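Read the structure below first, then the notes.
Each value in this text was obtained by applying a stated rule to the coordinates, not by laboratory testing. It should be emphasised that the depicted structure is a prediction, and the values quoted were computed from it without experimental measurement. Here Cβ is always computed from backbone atoms with ideal geometry, including for glycine, and neighbour counts include all displayed protein chains.
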Amino acid sequence: MKSDDLKEADKKKINNSAEKKKKVKKEKNLNTGKVKEEKLNTSEVKEGKEEQIKTEEKEQKKKNSGKKKKLLFILLPILLIIVIGAITTYLYFNYYSVPNNIVIENTNFHNAHLSWNILDKKQRFVIVISKKKFDKKEVLDNLKKNVSLGDDFKLIDNKNSKDIKLVDMLSNTDYYAVIFTYLENKDKKFYTNYSKMVSIHTLPLNIDKITDLEAMEVNDTTVKLKWSKWETDKKNLDNSDIKITYTLFSYEEGTPKIVKSEIEDGEIVIEDLKPFSKYYYTVTANAMVDGKIVSSLESNKLEVITKLEALSDITAKANGTSAITISWDAYDKIKLKNEDGSDISIAYSVFGSDSENGEYSKLGEGIQENSFTENNLTDNKTRYYYVVVSILLDEVSYDSVRSEIASATTDKIYYSGGGSSGGSSGGSSSSSNNSKEAQARAIARQIASSITGNTDLEKVTQAAIAVSEYYYRGVHKETGDDYYTAYGVFIKGESSCAGTTRALGMVLEEMGYTWTHANENQWKHQWVIIYMDGQLGYADGQVGLAGYGEHPMAHYYD
């Protein structure tokens, strides 16, 4: 083949190839358009379907929403009823049926009063009481099961009453109480709720404080204390008597110390104390109530200073019609000594009164002897006396407690007439028997020498008392040879008012006085008329009396 033919053939191949390519390209373009058109159609269809689906979904939602509304409209009242029921049930069981505002009033040491508020009148109440705290829910469960709570609990069915008086409770004791509520149907109890737990403390027995603690007797090492016993009409819970005892405390350096407890009487003697020392005491009253001790407040502190022991053997004796002599045993100096070993100084004081429990006045102090005479009393007069001893120990003065009380009554005046004496005014009666007068004057001189005093009245009174003692030792007589003489008074022991007047005149002469015989040689009472301390007065040897002015019986003979 020629080259030109080859070239032509190649050109044809090339052209054919190009035509094919164009055709293929055209077909591709056509196919692409179709594809595009198909895609466009597919998109439109898809959008249409989606729109249709959305529409259907909206319609379905509308249908569903309607159903829900209908369902909610049906369920909402039901739900509301359930909620209201739940709230009502809660309120009923947690508030409405629960006893509240519980008030406790103690009315007695064995009783207490309990009251509360409740809204539901159908409620009934059971009060559960114990001396120990307890689990309320556990007790409620046991009540529902009708299970016994045991001896530690006390149950009181109070029915529908909203208050109760709790009785038979131990005094001064803690109790715990809960009020349980129940409904009753055909004698069956349906327990529903319970109150809060309340505590109740019963009142203790109130014991008055001792207010009259005092020292009845005090000496150097011993003191006797006394107080009034406390009493009560209350009883123990078992109706037995309440036992009362006392406890005595002493305070040494401010610290209380029990001296003795369970004292049954209102007094105690404390021994082995230090002489002349201060002690302080208090006492409490104690009551054993329902097995528990309840005590009063302590009494006020009583200060006690140990002193000398009281004097012993105090006696009182009439000394005629106008005087009483008191005597006592001397205090033993051997009991106490000064620090330097020297004897202590001792003196006595005498106190007297017209009545045993009356007011006593001091009659004499600084007395060194063991006796004292109270003068210038009236006849038939009763007097009461006690004596206190005072010592000076190491330059410190101490007084004893008072002695026991002694009493005596002066003699009663016996008035009588006097016989003829033959005596003269201003002198002793003369006697034919000088020996009798000498004997009488010797006694008169002896009496005169023992008389002491600061005033004429004191001296003359002592002389009158001394003569009256002779008269009372003898017998009263108005007949014979000596009854009207001093001899009859001093020696023979038989006399009358005439004899005692002459005997007293003889003593006064020995003392340096002059005198006058009143009613001499008359059947009248007789006495001495004498000047004393510049005043006219009288002295009576029969009754042992002297004074200024007229004799008390002078007006009787006017």
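Put in order of Cβ neighbour count within 10 Å, fewest first, the listed residues Val528, Val167, Val223 become Val167, Val223, Val528. Judged by the mean number of other Cβ atoms found within 10 Å, the most tightly packed of the peptides 198-208, 385-395 leads the ranking 385-395, 198-208.
Hey, which aspartates and glutamates would be in cross-link range of Lys58, C-alpha to C-alpha under 20 Å, not counting anything within fewer than 8 residues on its own chain? Qualifying aspartates and glutamates at Cα under 20 Å: Glu47, Glu50. As a size descriptor, the averaged projected area of the C-alpha convex hull of the range 214-305 was calculated at 6.2 nm². Cross-link pairs exceeding 28 Å between alpha carbons, from the set Lys226/Lys317; Lys196/Lys235; Lys133/Lys162: Lys226/Lys317; Lys196/Lys235. Put simply, the amide H of His113, placed in the peptide plane, has neighbours under 5 Å in Glu105, Asn106, Thr107, Leu166, leaving out anything fewer than 5 places away on its chain. Within 10 Å of each candidate Cβ there may be at most 14 other Cβ atoms; applying that plus a DSSP loop requirement, which chymotrypsin sites (Phe, Trp or Tyr not before Pro) in the range 483-558 survive? Of the chymotrypsin sites (Phe, Trp or Tyr not before Pro), the ones in loops of the range 483-558 whose Cβ has at most 14 other Cβ atoms within 10 Å are Trp523. If you take the alpha carbon atoms of the range 434-557 and fit the smallest convex hull around them, that volume is 91 Å³ per residue. Consider all pairwise Cα distances in the range 161-260 and report the whole-number % of them above 15 Å. Considering the range 161-260, 79 percent of its Cα-Cα pairs are separated by more than 15 Å.
By the count of neighbouring beta-carbon atoms within 10 Å, fewest first, Leu536, Leu363, Leu508 end up ordered Leu536, Leu363, Leu508. Relative to the Cα centre, the charge distribution of the range 243-306, modelled as +1 at Lys and Arg Cβ and -1 at Asp and Glu Cβ, gives a dipole magnitude of about 160 debye. Near Lys226: Cβ cut-off under 12 Å, other residues only, Lys/Arg at +1 and Asp/Glu at -1. The net charge is -3.
A simple rule links phi to the HN-Hα coupling: the Karplus curve 6.51 cos²θ - 1.76 cosθ + 1.60 with θ = phi - 60°, which for the range 490-501 gives 7, 10, 7, x, 9, 7, 9, 5, 5, x, 5, 5 Hz, with x for Gly and Pro. Note: relative contact order over the range 166-243, using C-alpha pairs below 8 Å and six or more positions apart, is 24 percent.
Applying the Karplus relation 6.51 cos²θ - 1.76 cosθ + 1.60 with θ = phi - 60° to the range 282-290 yields 3J(HN,Hα) values of 9, 9, 10, 9, 10, 10, 8, 10, 6 Hz, where x marks Gly and Pro. 3J(HN,Hα) along the range 175-191: 10, 10, 10, 9, 9, 9, 9, 8, 9, 10, 9, 6, 6, 10, 9, 10, 6 Hz, from the Karplus curve 6.51 cos²θ - 1.76 cosθ + 1.60 with θ = phi - 60°, whole Hz, x for Gly and Pro. By the beta-carbon count within 10 Å of each Cβ, the least crowded to most crowded order of Thr222, Thr452, fewest first, is Thr452, Thr222.
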